[in-house]
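The values are calculated or read from the model by the stated rules, or taken from the named source; none is laboratory data. Worth saying up front: this structure is predicted, and the values here are computed from it rather than measured. In this analysis, Cβ positions are derived from the backbone assuming ideal geometry, glycine residues included, and neighbour counts consider all displayed protein chains. These accessible areas exclude ligands, DNA and RNA; they are computed on the full protein's heavy atoms, side chains included. Shrake-Rupley method; radii C 1.70, N 1.55, O 1.52, S 1.80 Å.
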Amino acid sequence: LQRDAKGQYLFDLLCHHLNLLEKDYFGIRFVDPDKQRHWLEFTKSVVKQMRAQPPFTMCFRVKFYPTDPAALKEEITRWKSPLQIKRDLYHGRLLCKTSDAALLAAYILQAEIGDYDPGKHPEGYSSKFQFFPKHSEKLERKIAEIHKSELSGQTPATSELNFLRKAQTLETYGVDPHPCKDVSGNAAFLAFTPFGFVVLQGNKRVHFIKWNEVTKMKFEGKTFYLYVSQKEEKKIVLTYFAPTPEACKHLWKCGIENQAFYKLEKSSQVRTVSSSNLFFKGSRFRYSGRVAKEVMESSAKIKREPPEIHRAGLVPSRSCPSITHGPRLSSVPRTRRRAVHISIMEGLESLRDSAHSTPVRSASHGDALAGPGRGGRADSSERVAVIADESYSPADSVLPTPVAEHSLELLLLARQANGAPCSIEEEKESEAGTPAAEAEAGELRALCPGAGGLGPAQAQQVNKFVLSVLRLLLVTVGLLFVLLLLLIVLTESDLDTAFFRDIRQTPEFEQFHYQYFCPLRRWFACKLRAVVSLLIDT
C-alpha cells in the first residue's frame, strides 16, 4: 500500500478480486494493539488508521445486514451473507429456539452436501458438523430429520436464500454486540440491527427501539447517551457505560453509520454528526457510503452473467475426513475451531474484564488447549449443558465472539496435522529469527513508512491535544473578533436602536468610552499617521 492510499481503494480492490458488485453491505474490520475493534474508514488513509506495526491484518465481513434477503440480486452476495450469519450462529450471537436452530442447521447442511443419500450419509452424519458451540443428540437427530424429509431437491442457492430469510426473522439477526453496563451497574450488550437499536441482558432482549424513534446519539468519555422520542411526545434518554473511551467512541460511530444506512432515503441527507453539543468540543463523524434504499435500487439494475461460485464448505467438520466428495476447506479457521472448545464460562469471564467493544481473545490461547489433551476434551464434553426445547441459547449469553478475529485465514487444519506450530504466535516466533523473515520485515517497513518516532498511542494522544488547543484558540479569537465588532458599532456608528441606546446610556459604558476607548482610539490614530508618513517618505 502507498502511504496515502485511502480505505476506499483497498475495499474496491478486494471487491474486484471477489467479483462482488453488491459491496455496500460489507466492510473491513481490524483490531488495534489495545484489542479494540474498528471499521476501516474509506475516506481516510489506511496506513494512518493503523496503530500497529506492519504487516496489517484485516477482516472482510458483513457490516450492514440486508433487511430483505430477497432483494439481493446476485447469488454470490447471497452466498457471502450466509457465511457471516453462519459464523454468528457458530459463535452464539444468533440466538433462537431449538426448532429454529434445527431448521437453520438443516439449510446449511443442504447447501453443503446436497440431498440426503443413504449410501453416502450414514447414521449420525449430522453429528460430524459443528453448527453451534453446544450440541445435543436430540438436536442432531432433528437436524437430520429436517434435512432428509423437508429439504430434498433444494439447490445450494435456494437453501442459502431460505437460510437468510429464516435468520432475518430472529430477534438477534444482525447483532454485533458491544459490552456495556447500565446505570445500575448490570452487564448488558448494546447492538444495532437493520430494524433498530437493541439492548440485551443475558439471553433476553430488554429494549428494542426503532430507527425512526432514535433522535440523537452522543458520548462523553465512557458514557454513551441514546435520545429516544416515542409516542405521545414521550422523550427518553438511555445511558450506558462502555469499558473504555475508545470502545464508547466505536459504539457511537457504529450507531451513526447504522442509523444513516437504514433510516435515510438518500445519501445526500447524511450530515456530519458531533458527539458534543459544543461545536469546538468532542468528535465529528460522517457516514460516507450509500444508504440501504440506494443500494437496493442499484442492485436491481445489475445486468451481467452470474459469476461462478466455488463453494468450499459452509460448516466445519468435527472429524478430519469430510463426508463430502473430495477435500473440503472449512470456512472457519483452525484458531476459531480450537477456541470453541474453550469453556463457555471462561469466555464469559473474559467478556466481563474486556476493555474493547467485542472481546477478542489472543491467539496464544492454543497453549492452554495443548496441555489437557484428550482428558481436557472429555471434561469439556461432560460440561455441555442440556438444551431446552423452549429456547436455544448456543453460548449461554456469551454474545461476542470469544476468538481472535484478526487471525483469519492464516492457518488450515491440515498444517496442524503436518506438525505446524499450535498457535499463530508460535509460528511467528519460529519464523522471526530467519534471514528471510528479517528481509521481508524490512521490505514491509519500506512499503509502509512512518512507523518510527513516537509510539502510535503517544502520537495519537499528542495529535488529540494539539487539535483541542487549536480549536480552543480558534474559538477564543473568534469571540474576541465578534466583541470588537460590537464595540466599534456601539462607539462609532450612528445606529440609534433601543438596544444600542440602552447600552450607551449606562454609566459603565460612558466611563469606558471616555476614559479608555477615546484615548486608545487617539493612540491608534497617531500610530497610523506615523506609519503612513513613514511609507510616503520611503
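A 19 angstrom limit on the alpha carbon distance is what I want to check against. Which of K23/K80; K44/K253; K80/K253 exceed it?
K80/K253
For each pair in K134/K218; K128/K148; K63/K120; K216/K266, compute the distance between the two Cα atoms and list the pairs where it is over 27 Å. It would help to have the intermediate numbers written out before the result.
On the way: K134/K218 38 Å; K128/K148 16 Å; K63/K120 38 Å; K216/K266 19 Å.
Those over the limit are K134/K218; K63/K120.
Per residue of the range 263-275, in order, report the coupling 6.51 cos²θ - 1.76 cosθ + 1.60 (Karplus, θ = phi - 60°) as ³J(HN,Hα) in whole Hz, putting x for Gly and Pro.
9, 6, 8, 9, 5, 5, 7, 5, 10, 6, 10, 9, 7
On the full set of protein chains, 1.4 Å probe, figure out the accessible area of T155 and give it in Å² to the nearest 10.
Using a 1.4 Å probe on the heavy atoms, I get roughly 70 Å².
Please list, in chain and number order, the residues 5+ apart from L95 or on another chain whose amide H is under 5 Å from its amide H, with Hs placed from the backbone.
Sorted by chain and number, the residues that satisfy this are T172.
For D100, D502, write out the residues from largest to smallest accessible area, computed with a 1.4 angstrom probe and no ligands counted.
Sorted by accessible area, descending: D502, D100.
What's the ranking of 91-99, 35-43 by average number of surrounding C-beta atoms within 10 Å, highest first?
Values: 91-99: 21.7, 35-43: 19.0.
Ranking the peptides 91-99, 35-43 by packing returns 91-99, 35-43.
Can you flag which of K6/K48; K35/K222; K181/K464 are past 19 Å Cα-Cα? Show your work: numbers first, answer last.
Details: K6/K48 9 Å; K35/K222 16 Å; K181/K464 27 Å.
Pairs exceeding the cut-off: K181/K464.
Would you pull out the residues with amide H under 5 Å of K216's amide H, same chain only if 5 or more places away, H placed 1.01 Å from N?
Those lying under 5 Å, H to H, from K216 are Y227.
For the range 130-144, in order, what is each residue's ³J(HN,Hα) by Karplus, 6.51 cos²θ - 1.76 cosθ + 1.60 with θ = phi - 60°, in whole Hz (x at glycine and Pro)?
Coupling constants for the range 130-144: 9, 8, 10, x, 10, 10, 9, 4, 5, 5, 5, 5, 5, 4, 5 Hz.
Cβ neighbours within 10 Å, averaged per peptide: list 237-245, 465-473 in order, most packed at the top.
Packing proxy ranking, top to bottom: 237-245, 465-473.
Given G196, T272, V214, which one lies farthest toward the positive end of the charge dipole of the range 175-312, if we put +1 on the Cβ of every Lys and Arg and -1 on the Cβ of every Asp and Glu?
Most positive-ward Cα: T272.
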